[in-house]
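All of the numbers you see were taken from the coordinates with simple rules; none came from a lab. As the structure is a computational prediction, the values presented were derived from the model and not from experiment. Note that each Cβ is placed from the backbone with ideal geometry, even for glycine, and that neighbours are counted across all protein chains shown.
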Amino acid sequence: MRKLLSTIVKTIIFFVGWAVLISFTPDLPTANQALMRIWWEFTPLAAVILFSICFVYLIERGKIKVPVTVNLPKNLLTGIVIGIIWLGSVAAILLLTKTMHIQGVNPIAYFWIWVLASLLNTVMQELLVRGYLYQLWKRKYNTITAAVLTTILFTAMHGGAFEAGIIPVLNIISMSLLVTMLLEYTGTIIAPILAHFIWNTVGAIILGGVSLASDYPHLLNSTYQGKIAGGVLKMEGSILVLIVNLILFSYLFISNRKSALATS
């Protein structure tokens, strides 16, 4: 009971402390929306890095670590490949079935600043959910407990999906489990960051089919019509995403099990 209470208290202090800290973030004195957005993404990331360092080194005294450099070249490639397959398969099927229609192209000023902002947002989300907190619950209990609790937290952070119906919620849950399995399969948080970054950046800024903050631009104007269309949430509301998430999760789960048996 003492262990459970201690773990819950650490989780609350970490997450609530982070949320309180970023609530004091001032706006930049600029009218450039791209610069404003990168500032809004940088400050939550800086806060979660600060909290992670404090908890890992001061509170846990190095007993819990956030894995970063494990077999880095191979797992960089793994994250990129999974991200491309993940988003690419969904987009390709939607286009081939004429569910997704490209209506036009929008010019994007400061394109690479928006891409960098998306990267900062992705790193922040992964560190917040699958960094210290995931490793804390995994060490204190087990992988399943850590996956369930961090998926609940990840889903709560995307609360807008609940207004759109059961499929968007299942997509968020299955996405979290997929990225968690990628973390377990590779042993590093870099792979989940890259896969998540490709999904968010290409899906939102290029294809206009994934939801980020409302001020993010999109290069392509896309509409969705048909049985597997995702409604107002576009890709993220499509049942096709749920199917792809489950297929990739299953593949990584089986691959991870085979790898574990081979080394045992």
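Computed values, structure above
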{"quantity": "Quotient of C-alpha Rg and 2.2 N^0.38 Å, computed over segment 8-138", "calculated": "1.33"}
{"quantity": "Taking segment 2-263 and dividing mean pair separation by its residue count, relative contact order in percent (alpha carbons under 8 Å, at least six apart)", "calculated": "25"}
{"quantity": "Acute angle (nearest 10 degrees) that the helix 190-200 long axis makes with the longest principal axis of the chain, alpha-carbon atoms", "calculated": "30"}
{"quantity": "Convex hull volume per residue for segment 102-209, taking Cα atoms only, in Å³", "calculated": "109"}
{"quantity": "Cα lying deepest toward the dipole's positive end in segment 22-96, options LEU96, THR69, GLY83, charges on Cβ", "calculated": "THR69"}
{"quantity": "Helix 166-186 axis, angle to the chain major axis (alpha carbon atoms, nearest 10°)", "calculated": "50"}
{"quantity": "Listed residues ALA147, ALA117, ALA19, most fluctuating in the chain (Gaussian network, C-alpha, under 10 Å)", "calculated": "ALA19"}
{"quantity": "For segment 234-256 versus segment 149-219, the gap between their alpha-carbon centres in whole angstrom", "calculated": "12"}
{"quantity": "Hz values of 3J(HN,Hα) by residue in segment 213-230 - Karplus curve (6.51, -1.76, 1.60), Gly and Pro given as x", "calculated": "4, 4, 8, 5, x, 9, 5, 10, 8, 10, 10, 10, 9, x, 5, 9, 5, x"}
{"quantity": "Range of Cα positions in the chain per principal axis (Å), largest first", "calculated": "56, 52, 37"}
{"quantity": "Nearest 10 degrees, 0 to 90: helix 239-263 Cα axis against the chain principal axis", "calculated": "40"}
{"quantity": "Highest-MSF residue in the chain out of ILE167, ILE144, ILE193 [GNM, Cα springs under 10 Å]", "calculated": "ILE144"}
{"quantity": "In segment 210-264, the trypsin sites (Lys or Arg not before Pro) that fall in loop regions by DSSP, at most 11 other Cβ within 10 Å", "calculated": "LYS227"}
{"quantity": "Longest segment of the chain lacking chymotrypsin sites (Phe, Trp or Tyr not before Pro) that sit in a DSSP loop with at most 15 other Cβ atoms within 10 Å", "calculated": "142-264"}
{"quantity": "Partner lysines for LYS74 [C-alpha distance under 21 Å; skip if fewer than 8 residues away on the same chain]", "calculated": "LYS65, LYS258"}
{"quantity": "5 angstrom amide H check on SER211, placed H, neighbours 5+ away", "calculated": "GLU236"}
{"quantity": "Compactness index (Cα Rg / 2.2 N^0.38 Å), segment 136-264", "calculated": "1.14"}
